[in-house]
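The values are calculated or read from the model by the stated rules, or taken from the named source; none is laboratory data. This one's a predicted model, so the numbers in the text were calculated from it and none came from an experiment. Backbone-built Cβ (ideal geometry, glycine too); neighbour counts: all protein chains shown.
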Amino acid sequence: MRYKIFFYAIFLVGMLPACDSTEEALCDVKCECEGCSYVGFDVCVNENEAKYREADSRGCPDLYDDWLDCEYETGVCQGADWRTTCGPEKDRLKNCTDKK
């Protein structure tokens, strides 16, 4: 009986959906629009994670979060182009991370 409960619990855990990071979710919809390869998807995720590390090291991870949230929430696919209205968020993040 114990084994049945154990295997049932393992089965239920396996059925839970995997949670993507926000970076992965953004790159997924962006790549779906632009037709990225698996390599392109990985490059997108890695670049965004590097942006976060840079923002965090400069003391402005909140600006990164604002930019990433904006990209995900306002992004639209027009043809094969990913477009957003996140210019101000991008500029604020860039101003922070470009400081020497």
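The sole residue among ASP28, ASP69, ASP65 that is assigned to a helix (DSSP H, G or I), out of contact with any Leu (no Cβ under 7 Å at 6 or more places or on another chain), surrounded by 14 or more Cβ atoms within 10 Å (Cβ to Cβ) and touching a residue at least 24 places away in the same chain (Cβ under 8 Å) is ASP69.
All of GLY35, GLY75, GLY87 fail the test of being closer than 17 Å to SER21 by Cβ and either surrounded by fewer than 17 Cβ atoms within 10 Å (Cβ to Cβ) or of a type outside the set (D, E, K, R) (or both), apart from GLY75. On the basis of being in contact with a helix residue (DSSP H, G or I) (Cβ under 8 Å, 6 or more places away or on another chain), at pLDDT 95 or above, among the basic types (Lys, Arg) and assigned to a helix (DSSP H, G or I), does ARG53 make the cut? Judged against the criteria, ARG53 is not a match.
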